[in-house]
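Here's the structure we're looking at; comments come further down.
Values in this text are rule-based calculations from the coordinates and carry no lab data. This is a predicted model, so every value here is computed, not measured. Note: ideal-geometry Cβ built from the backbone for every residue, glycine included; neighbour counts use all protein chains shown.
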Amino acid sequence: MYQLVTRIGSDDVIICAFDASGSPTASPRRLSFTEFCRYVLEHEADSPRWVWDDTARIYPLLLRRGIRVQRCHDLRLCHVIMRNSALTDQSDLAHGEPGPWDAAGPSDLGATQGETLFDLADSDTAGERSREIEDRDELLAQLSAVSGSHQPGRLRLLLAAESAGALIAAEMTYAGLPWRTDIHDDLLTRELGARVAPGLRPERLERLAVLIRTELGDPTLNPDSPTDVLRALQRAGLAVTSTRAWRLKELDHPVIEPLLLYKKLSRLLSANGWAWMDAWIVDGRFHPEYVPGGVVTGRWAARGGGALQLPKQIRGAVVADPGWKLVVADAAQLEPRILAALSGDLQMAAAGRDSDLYAGIVASGVVETREHAKVAMLGAMYGATTGESGRLLPRLAKAYPRAIALTEAAARAGERGGIVTTRLGRSSPPPGDAWQAAQAQAYDVGASRADESRARTQARDWGRFTRNFVVQGSAAEWALCWMAEIRKELRTLSAAGAGFDSVPHLVFFLHDEVMVHTPTALAARVESIITEAAATAGRLLFGDFPVDFMLTVAAVDDYAAAK
DNA sequence: GAGTCCGCTCGG
DNA sequence: TATACCGAGCGGACTC
């Protein structure tokens, strides 16, 4: 059953119930937000799917009142998927003129940016009514696109997983990641020296700057300026064209060591220093904003705080509350396992059975070392053509013909300008006009060698994108299902209505890794929930195909201890 | 001074 | 010779 929720103005909603086929089961009702909250609590027992335009806009309002829901359908996220999916390419939804659902990015519909799209008309009842009809029409269009799709089952799963992800993202932002500023501060002081005013260099950084200037014989050198540093290195007789750390490591000069250390520490200061701590840690919690569907492949993005790039250096500041644990789980070699299942490659799946997949490849005699197995696999999924990875590819192709055939086919499709589709139905975008124009140009009678080579380069670039899209996107779907299943099972551990400060809950997600903050007494139970959820996610995506999704799971006091 | 691009490093 | 996918964020360099 669906409960369509349309927000009107700042404090009211119109609510309307539908059955699974999209027929209304009651007349629309207008409720104040307080009445709406009561309505949600009353109806949650029936496990409806709450339908709204944008989870990120409405769900935080419920969370602030202590209300959580089990299921939703996020019209905006689902629209984007079906607008592009090859599974719904025959639908009206895919063929309609672009409308507000296409124009609106997450921030456009978001509360912070104002509500320009719809709310201009909300001052009168006609506008309110039209807003509600707009949502209702969109829901019906989406339901029709699903039932008419080539794979309704998979698509339904994808839309449910994407929507569950939106709920989880809002809940994680709301709950926050436990963060100890005292430990963070100690760590910064130890590495950089005592805190100083913004714009100044802490003591240890300043000493390194002086040392670098001395070694390069340039008393005015600014070590933060790549151009300055590059010129000084060249003056010192070093043949370099960039100041990238891995390039500098190849050089033999006394300035290199302090320079590399300076870069490392200054990055720590600028990205996750005291200013970051002041801006992002509130009452011992880090509250980043996650952006479900923020990446073309279906991965999440994040806005503000660099939540998806927390450097290993500072993970020791993520500490469980007293009497609580962090259960950290990481899916091992997720993408190769996804590739094995996608392609139905039994040999590759067997290599990962009950163990490290790369070690399994070595044990099968395909390559000699784990490191070789890893670079060869990554190269196959990313489209490496040269170097070690390129050299090892033929051996991989011989041992795992089905898996490699799948990545090659995805690459060829992209090179031709075609689209590719993930396991559950997210399709890659078609290449843009500039790409098409470059290809057309190369076929023109007057095409130059440069035209042809540019077209070829762009075609290969796009092929690498589609090659990776299938695997990365399907892995993102697995991760969403995994997390949704974890969330569902965690809720069975506590009474309905209990707040985040008393029950186990998800606090972090990073592509193939999740973290649950839990009372210590429930940590073991949480570990098994996470493990079972991985197997369930595998079955949801790939049925009985015999592929294992191995995890490393650990209940720890702080994030740094997890690996 | 504001806006944008680039170089670099962090994460998977 | 060019060189392997998806991102965020910072500070400097450059432009208007």
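Brief remarks on what is shown
- Answer residue from region A:244-302, given it is among the aromatic types (Phe, Trp, Tyr) and over 24 Å from the mean Cα position of the chain (by Cα) and is nearest to DNA strand B (Cβ to nearest atom) among those: A:246
- Applying the condition of being within 16 Å of DNA strand B (Cβ to nearest atom) and aliphatic (A, V, I, L, M) to region A:512-529 and asking which residue is surrounded by the most Cβ atoms within 10 Å (Cβ to Cβ) yields A:514.
- Residue match in region A:30-44 (condition: at negative phi and in a loop (DSSP other than H, G, I, E, B)): no
- Note on region A:348-376: residues that are among the β-branched types (Val, Ile, Thr) and within 16 Å of DNA strand B (Cβ to nearest atom) total 1.
- Annotation note: of A:550, A:515, the sole residue that is touching a Phe, Trp or Tyr at 6+ places or on another chain (Cβ under 8 Å) and not polar (S, T, N, Q) is A:515.
- Taking the numbered list (1) more than 30 Å from the chain's Cα centre (by Cα); (2) touching a residue at least 12 places away in the same chain (Cβ under 8 Å); (3) not in a loop (DSSP other than H, G, I, E, B) in turn, residue A:58 passes all entries but (1).
- Restricting region A:388-397 to residues that are more than 16 Å from residue A:337 (Cα to Cα) and touching a residue at least 12 places away in the same chain (Cβ under 8 Å), the residue that is nearest to DNA strand B (Cβ to nearest atom) is A:389.
- Residue check, residue A:218 exposed (fewer than 14 other Cβ atoms within 10 Å of the Cβ) and of a type in the set (Asp, Glu): no
- Filtered residues of region A:265-319 (kept if loosely packed, with under 15 Cβ neighbours inside 10 Å, in a helix (DSSP H, G or I) and free of Cβ contacts under 8 Å to residues at least 60 places away in the same chain): A:267, A:270, A:278, A:279, A:309
Okay, residues lined up against (1) within 16 Å of DNA strand B (Cβ to nearest atom); (2) acidic (Asp, Glu); (3) part of a helix (DSSP H, G or I):
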position	(1), (2), (3)
A:378	yes, no, yes
A:408	no, yes, yes
A:436	no, no, yes
A:457	no, no, yes
A:462	no, no, yes
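- Among residues of region A:150-195 being touching a helix residue (DSSP H, G or I) at 6+ places or on another chain (Cβ under 8 Å) and in a loop (DSSP other than H, G, I, E, B), the one that is farthest from residue A:275 (Cα to Cα) is A:150.
- Scanning region A:1-21 for residues that are more than 16 Å from residue A:44 (Cα to Cα) and surrounded by fewer than 16 Cβ atoms within 10 Å (Cβ to Cβ) yields A:9, A:10, A:11, A:20, A:21.
- Flag: residue A:273 matches the condition of being closer than 27 Å to residue A:326 by Cβ, within 13 Å of DNA strand C (Cβ to nearest atom) and either out of contact with any Gly (no Cβ under 8 Å at 6 or more places or on another chain) or hydroxyl-bearing (Ser, Thr, Tyr) (or both).
- Candidate set from region A:289-328 (those that are of a type in the set (Val, Ile, Thr) and over 30 Å from residue A:430 (Cα atoms)); member that is nearest to DNA strand C (Cβ to nearest atom): A:314
- Qualifying residue in region A:472-489 (condition: touching a helix residue (DSSP H, G or I) at 6+ places or on another chain (Cβ under 9 Å), in a helix (DSSP H, G or I), charged (D, E, K, R) and farther than 30 Å from residue A:84 by Cα): yes
- Checked against (1) touching a Pro at 6+ places or on another chain (Cβ under 7 Å); (2) within 11 Å of DNA strand C (Cβ to nearest atom); (3) not polar (S, T, N, Q), residue A:262 meets all criteria but (2).
- Per the listing A:480, A:522, A:506, the residue uniquely without any contact (Cβ under 8 Å) to a residue 60 or more places away in the chain and either among the hydrophobic types (A, V, I, L, M, F, W, C) or touching a Ser or Thr at 6+ places or on another chain (Cβ under 7 Å) (or both) is A:522.
- Among (1) under 30 Å from residue A:161 (Cα atoms); (2) among the hydrophobic types (A, V, I, L, M, F, W, C); (3) within 9 Å of DNA strand C (Cβ to nearest atom), the one test that residue A:286 misses: (3)
- Extreme residue, nearest to DNA strand C (Cβ to nearest atom), among residues of region A:214-231 that are out of contact with any His (no Cβ under 8 Å at 6 or more places or on another chain) and more than 24 Å from residue A:271 (Cβ to Cβ): A:231
- Only one of A:53, A:12 that is closer than 14 Å to residue A:137 by Cα and among the charged types (D, E, K, R): A:53
- Taking the criterion of being touching a residue at least 60 places away in the same chain (Cβ under 8 Å) and either assigned to a helix (DSSP H, G or I) or surrounded by 18 or more Cβ atoms within 10 Å (Cβ to Cβ) (or both), the residues of region A:490-503 that qualify are A:491, A:500.
- Residue satisfying condition, being assigned to a loop (DSSP other than H, G, I, E, B) and within 18 Å of residue A:17 (Cα to Cα), within set A:69, A:51: A:69
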